[in-house]
1. If the label point is 7 Å along Cα→Cβ of LEU431, which residues in segment 381-410 have backbone nitrogen under 15 Å from it?
2. Distance check, please: which entries in LYS304/LYS344; LYS197/LYS402; LYS244/LYS450 exceed 19 angstrom between their Cα atoms?
3. Show me the ranking of peptides 46-52, 118-124 by mean Cβ neighbours inside 10 Å, starting with the highest.
4. If one takes the longest principal axis of the Cα atoms in the chain, at what angle in degrees, from 0 to 90 and to the nearest 10, does the Cα axis of helix 339-352 lie?
5. Given the Cα-Cα distance of GLU96 and GLU36 and 0.36 nm per residue of separation, how much length would full extension add, in nm?
6. Any chance you could count the Lys pairs in segment 2-142 whose alpha carbons are under 15 Å apart, treating pairs 8 or more apart or on different chains as valid?
7. Count the net charge of all other residues whose Cβ sits under 15 Å from the Cβ of LYS225, scoring Lys and Arg as +1 and Asp and Glu as -1.
8. Quick one: grab the alpha carbon gyration tensor of segment 120-270, order the square roots of its eigenvalues as a ≥ b ≥ c, and give me rounded if a/c is under 1.5, else prolate or oblate depending on whether a/b is larger than b/c.
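All of the numbers you see were taken from the coordinates with simple rules; none came from a lab. Everything quoted here is computed from the prediction, not taken from an experiment. In this analysis, Cβ positions are derived from the backbone assuming ideal geometry, glycine residues included, and neighbour counts consider all displayed protein chains.
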Amino acid sequence: MKILFVQLRFESNMAVMGLSSVLNAHGFETEVIIIEGEPNYADRIKREIKPDIIGYSAATVDIKMLTGVNHTLKKHYKFLSIFGGPHPTYFPELIEEDPDIDAICIGEGEQALVQLAQDLAAGLEIVNIPNLHVRHNGIIIKNEVGPLIEDLDSLPFMNKHLYDRYFHNPYLLENVPIRFLSSRGCPYKCTYCFNHKFYQLYGIKGNQVRKRSVRSLIEEIKGVKQDFHIPMVSFVDDIFCISKKWVREFAPIYRNEVGLPYSINTRPNTITEEIAALLSMSGCYYVTFSIETGDEFLRNKVLKRNISEEGIITAANLLHQHHIFFATGNMLGIPGETMATLWKTVEINQKCAPHYPWASLFQPFPKLELTEFAIYHGYFNGDFGAIGNDQFTDSPLLLQDKKLIVRFHKFFALLVRYPVLAPLVNLLIKLPLDNVYNWIFKKYKLRLNKPIITADRVEIEKQSDESIITVVYFFLKDLMKEKFDAIGHRKSKKKK
């Protein structure tokens, strides 16, 4: 019995690696294929891989492309298709809308996928598996969700070798080995997130965070260190510091047994003097926490973040005092956004002085509380087809000064770092040079990201202190390189 996971692009999918390891532990063969790197993917699947089950981990932004891939494969090959991930979990009607989908998984998939593979291998019917909605004899059998996996230590370590075939891709080679999860879940109820809806699905109202033991996590990292050359460790939990007791246990053990620099995500209110000291002592060199917006009403009433400006700035100051670099998360173009609220977000970031003031544009995915708020108040017309393929290019909301807000987003990080640019940016956002602004945004984003994933403290320090002249030189040098590369490419084509 072979299970194939299909991905659209080169990215490190931790859900797929986790599912692969669980299936392997039960004796099943797994493989992944990345469409971006396989121009003849359908032929390779049919002639070489020959899977019994093909699984798709589907986010809403990718669902159209993934169902299209599944439709193509169904024309050429016989297999059982199953969709899991955020989109099927929150939009289970997917299986009713697409006859090429044989099953969907609601919520966590480890136990359901193992039982599915076992029942198929044994020639049994697959209609009574918790978490699955299954197409059977022309009808959809809808099973209730089973219990969450409470003991995360019971799961095998993620199968990072699943991507061995694709490690020629620099992004995968840099990102797959370094990423780890110490927990699942988040207790907060921000209106732009699905986390609390996930727990409503399971009928859970109490503790919504499940944490691995420190020993389990340390052993996984040590194993990966033996298999890969990794310069750092990236913990991608929603809130790494949710438990002070856990961090107190983790810090000395990690320092003594792993000793690599590491990065985390957390909330400002979890960063205390004690936690900042423990993080610094144990090798944490980078923290990401979200501000989202500098406007108090939007942040705490509309987004329900429940974090004060004072608390955000206190967290930033503690990180500075303990020599920990950090990025802030910001979401522009939210319902109610104006140019005035955008400048408030710039100002609070300037007070925090992060290395990287990261920013996205809000996308109104269906069933989000914030999306419902946007529709009710006339900021969104409910056309979900207008949602883009990423969270950086455009906004589908009906905002006053929408074009200005979208263009402002492209200069956000530069404005936080260099306030002197404000008059120029105020002029530029009135001009329809969107391709230029997108180029500037992408280049600067890549520039700031690069030293983070390699734990290059020297480069991060240099970037934190560099002048606007250095940044302008960077853009000009990159522009000239692209121009010369394009000329060389044209000459090469002429010779052929």
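1. 407-408
2. LYS197/LYS402; LYS244/LYS450
3. In descending order of packing, they fall as 46-52, 118-124.
4. Approximately 80 degrees, to the nearest ten.
5. Residue separation times 0.36 nm, minus the Cα-Cα distance, leaves 18.8 nm.
6. Number of lysine pairs found: 9.
7. Local charge sum for LYS225: 0.
8. It comes out oblate by the Cα gyration axes.
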